[in-house]
Amino acid sequence: MIEQRQFAIEPWAVRESGLDLTALGQTESVFALANGHIGLRGNLDEGDPHALPGSYLNSFYELRPLPYPEGGYGYPESGQTIINVTNGKLIRLLVDDEPLDVRYGELRSHERVLDLRAGTLTRRFEWVSPAGKAVRVTSQRLVSLVQRAVAAINYDVETVDVPVLLVLQSELFANEQLPPTTDDPRVAAVLSEPLVAEQHRCNDTGATLMHRARHSGLRMAAAMDHEVIGPSRTEFHSEAREDVARTTVICRLEPGQRLRVVKYLAYGWSSQRTFPALNDQVRAALAAARYTGWTGLTTEQRRYLDDFWAAADVEVEGNAQLQQAVRFALFHVLQAGARAEQRCIAAKGLTGPGYDGHTFWDTETFVLPVLSHTVPDAAADALRWRQRTLSLAIERAGQLGLAGAAFPWRTIRGQECSGYWPAGTAAFHVNADIADAAIRHVTATGDTDFECDIALELLVQTARLWRSLGHHDMQGNFRIDGVTGPDEYSAVADNNVYTNLMAQRNLRAAAAAVERHLEKAATFGVDAEETASWRDAAAAMIVPYDEKLDVHPQAEGFTEHAVWDFAGTAPEQYPLLLHFPYFDLYRKQVVKQADLVLAMHLCPEAFTAEQKARNFAYYERITVRDSSLSAATQAVLAAETGHLDLAYEYLCETALMDLADLARNTAHGLHIASLAGAWSAVVAGFGGLRHLNDGGLAFAPRLPGALTRISFRLRWRGQRLRVEITSGQAEYQLLDGTLLELSHHGQLITLSAESPVVQPIPPPPPTDRLTQPVGREPLARRLPDDTAS
């Protein structure tokens, strides 16, 4: 776990003073830069020391076998693992023939700053070689949000007091040696030398390396070019071999002189383009980068981020570290998807190899709602990627004997990559999650073209899946049996409430969308009989209820199971999946992550206020939050049911998941969905944001006692809105647009561009203090007082 003073508390930056080599893995993830296409971990420029080198291209993967002790029909045959591609970050420095290595000599000072408004990582340090020669180095790094294929580094060296001979080696390096993996299934498989060299070339100022993945056959190219500004007699040349390309710069530096090298990088990959075409692609990207120049790249990066923050910023007063964490979270959510452009958004984004670089349902349920309200084009592209993989999902459904589309539980390219079917194939709710993201995106944007061109087909094919997966029983009820909900500590259950309600939403939305786009729907073979069957299934959907306990069971019979022995479970035995057999977990009342509680968030109309309060209290006692996804949802429902202090603690947990390394695995990559959950906890939790059934926008704001003010911005159907919450009132202001009607605690109000509207906030309902399983209280309570309060 990162100590709380690892990073200085600032509103718009993450600053590390000093260098803790034991925390390199975590800081490499925290300081990662990405744009949705390229991802560069925050490794030191010189490469060594490192915890986990990482340079990634979205969806560039290798195939690996999925071994089964006993095979079975429908089991996926191979997995997909993201590859650590050619490393272009490397800039090694020799000072009078001593290699710069912070483990040797003396490191007088060291600072790294991730600037959330500039989109750059700056490193400043002063180092004295073992021979006593001191240099000051400043490097700035960016991955362009504007020029998708481009990254750049500005590297500046000066001698402190005596002349030195400098040799700078700027490299492209493929097939880096990676540390061994562990038995933790959340950690990626390590593949040895996955890249096969195809071509290499160089000129005076740079080079290009081209490789293909050994088994998947995907092709990639990485290229570098340099601008060198130094004293007279500065010399440079380049060389290239199969896996290494190097540009060497040599100069003698006097006190008061500087050597400045700007390194431009370009990356590209394809499953179809030839190597000559890929070469031309990256060389053209390099040409554009050099034409723009370092100053131009930083200027357009800042302009892009200014536009983003103008529609996405969240202000939190009362906890400076929480303010920093929420902005850090939004920045990394943006980096994960900004320029993905019809490729997936992985659970770790492009910050590390955790989960093999796979995307899950997390993206649609947690990440896309943020993007639909802040960067809607990025959300639309993520859903376009799902549509592009529909043929694979339809094929998978057919293999399972089902109609429609069965999207994969985890994947990079679109094929199912989960080798454990109870928590993979059986988790059919992923299909409703994708449909739900499409529904919410259309609602938030009002984009009818997107609905017709993209959302309609997704809704139709997922509705067909539900109609074939479920069945009407003898009483006419529609059942969906043998499925796994979001809680992975319960599996293959009948009538999981979350799954049934989301399927119901899916079926109804598909029928309604078909009515709005009859001509397009006809091309998918939809007719009136089929849509009627969807409506019938939705109307007859079973939603189990335990009349004795007066709560909704997570699935049929769940509340009749024995309760897990929480008092007898030691703290070091969490997460439970690493210390207990699934067989035992499946038979007990223990919840890994919000399941029924998530249903209450996403399908609020299915529950009364009283049911929400009772359900939340019941499941709070048995939810262990062994998933980073859970705290955000618990924050939202805690706020809605009046437990504002508890909601605040869960907000702190989800927002600080990576800055404080609360799960102790940030080294494998950031928890992008948890970071997105920080936005949900603020906007849907304390802001009470909900989409109404009639397509309207509703808020029910309340402020926890630990905070004095919350303000957030979002986009709604081409307009930009600001909401400010204080202890007694909420202010709504239309920043862009003409008129907007919304609901405030059930009361309709109309906003115009002329002036904001202020509304009083009613008091929350009375509540009793809730308890969690022994030792599983909100993690924020374990942090220093100045963090969570």
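The values are calculated or read from the model by the stated rules, or taken from the named source; none is laboratory data. Since the structure is predicted, the reported quantities are computational estimates derived from the model, not experimental observations. Positions of Cβ are backbone-derived with ideal geometry, glycine not excepted, and every protein chain shown enters the neighbour counts. These accessible areas exclude ligands, DNA and RNA; they are computed on the full protein's heavy atoms, side chains included. Shrake-Rupley method; radii C 1.70, N 1.55, O 1.52, S 1.80 Å.
Couple of notes before you dig in:
- Viscosity 1.306 mPa s, temperature 10 °C, Stokes-Einstein D of region 324-423 from Kirkwood C-alpha radius, µm²/s: 112
- Note that region 559-692, at 20 °C in a medium of 1.002 mPa s, gets a Stokes-Einstein diffusion coefficient of 138 µm²/s from its Kirkwood radius over C-alpha pairs.
- Here the gap between THR295 and SER17, fully extended at 0.36 nm per residue and compared with their Cα-Cα distance, gives a gain of 97.5 nm.
- Phi to ³J(HN,Hα) by Karplus 6.51 cos²θ - 1.76 cosθ + 1.60 over region 113-123, Hz, x for Gly, Pro: 9, 8, 8, 6, 9, 8, x, 10, 10, 10, 10
- For q = 0.10, 0.20, 0.21 Å⁻¹, Debye-computed log10 I/I(0) when each Cα of region 191-292 counts as one equal scatterer: -0.34, -0.97, -1.03
- For the chain, with +1 on Lys and Arg beta carbons and -1 on Asp and Glu, the positive-most of ASN43, ASN615, VAL683 along the dipole: ASN43
- Over region 468-617, relative contact order from alpha-carbon pairs under 8 Å, at least 6 apart, %: 29
- Whole-angstrom Cα spans of the chain along principal axes, big to small: 88, 59, 56
- Cβ crowding within 10 Å averaged over residues, with 753-761, 424-432, 100-108 ranked highest first: 424-432, 100-108, 753-761
- Using the rule -39500 (n - 2.57) for each DSSP H run of four or more residues, divided by the residues of the chain, the 222 nm mean residue ellipticity is -8500 deg cm²/dmol.
- Proximal charge balance of LEU33 [Cβ under 10 Å; K/R count +1, D/E count -1]: +3
- The length gained by stretching the chain between ASP481 and TYR73 to full extension, at 0.36 nm per residue less their Cα-Cα distance, is 144.9 nm.
- Summed residue charge, Cβ within 12 Å of ALA655's Cβ, Lys/Arg positive, Asp/Glu negative: -2
- Under 5 Å from the amide H of GLN589 lie the amide H atoms of ALA562, VAL563, TRP564, each residue being 5 or more positions distant or on a separate chain, with H modelled from the backbone and absent for Pro and chain starts.
- Rounded to whole Å, the principal axis extents of the Cα atoms in region 454-610 read 61, 33, 30, largest first.
- For the chain, the solvent-accessible area with a 1.4 angstrom probe is 36 square angstrom per residue.
- Protection proxy ranking, highest mean first, for peptides 147-157, 511-521, 36-46, 65-75: 36-46, 147-157, 511-521, 65-75, where packing is the per-residue count of other beta-carbon atoms within 10 Å, averaged.
- Within the chain: Cβ-based charge dipole about Cα centre, in debye rounded to nearest 20 (Lys, Arg +1; Asp, Glu -1): 1160
- Point-to-point label distance, LEU578-PHE275, nm (Cα→Cβ direction, 7 Å offset): 4.2
- If the chain linking VAL774 and ASP473 were pulled fully straight, counting 0.36 nm for each residue of separation and taking away their Cα-Cα distance, it would gain 104.3 nm.
- Taking amide hydrogens as placed 1.01 Å from N in the peptide plane, the amide H of TRP716 sits under 5 Å from those of LEU721, each at least 5 positions away in sequence or on another chain.
- For the chain, the relative contact order works out to 12 percent when only alpha carbon pairs closer than 8 Å and six or more residues apart are counted.
- R0 of 41 Å, Cβ-Cβ distance ALA288-LEU107: FRET efficiency to nearest 0.05: 0.65
- Taking Cβ atoms as reference points and 12 Å as the exclusive limit, the residues near ALA406 contribute a net charge of 0, counting Lys and Arg as +1 and Asp and Glu as -1.
- Projecting label points 7 angstrom from Cα along Cα→Cβ for ALA570 and ALA320 puts them 4.0 nm apart.
- In sequence order, calculated HN-Hα J values of region 148-160 (Karplus, 6.51, -1.76, 1.60; Hz; x Gly/Pro): 4, 8, 10, 10, 8, 9, 10, 10, 10, 10, 9, 7, 7
- Values of log10 I(q)/I(0), in the order q = 0.29 Å⁻¹, for region 222-267 under a Debye, Cα-only, solvent-free model: -1.11
- Per-peptide average of other Cβ atoms within 10 Å, ordering 138-146, 462-470 highest first: 462-470, 138-146
- Of the residues ALA336, MET502, VAL442, the one whose Cα sits farthest towards the positive end of the charge dipole of the chain is ALA336 (charges of +1 on Lys and Arg Cβ, -1 on Asp and Glu Cβ, taken about the Cα centre).
- Whole-Hz ³J(HN,Hα) from phi, Karplus 6.51 cos²θ - 1.76 cosθ + 1.60, for region 482-489, glycine and proline x: x, 10, 10, x, x, 6, 7, 8
- Each label point was placed 7 Å from the Cα along the Cα-to-Cβ direction; for ASP449 and LYS548 their separation is 5.8 nm.
- Where N is the number of residues in region 364-487, Cα Rg divided by 2.2 N^0.38 Å: 1.07
- Of all accessible heavy-atom area on region 488-596, the percent that carbon and sulfur account for (1.4 Å): 52
- Debye, to nearest 20: dipole size of region 86-161, +1 on Lys, Arg Cβ, -1 on Asp, Glu Cβ: 520
- Average projection area in nm² (convex hull over Cα atoms of region 698-788, one quarter of hull surface): 8.0
- Coordinate range along principal axes, alpha carbons of region 82-230, Å, largest first: 53, 42, 36
- Rounded, prolate or oblate (a/c below 1.5 giving rounded, otherwise prolate when a/b exceeds b/c) for region 211-357 by Cα gyration tensor: oblate
- Simple Cβ-charge dipole of region 422-518, Lys/Arg +1 and Asp/Glu -1, about Cα centre, in debye nearest 20: 260
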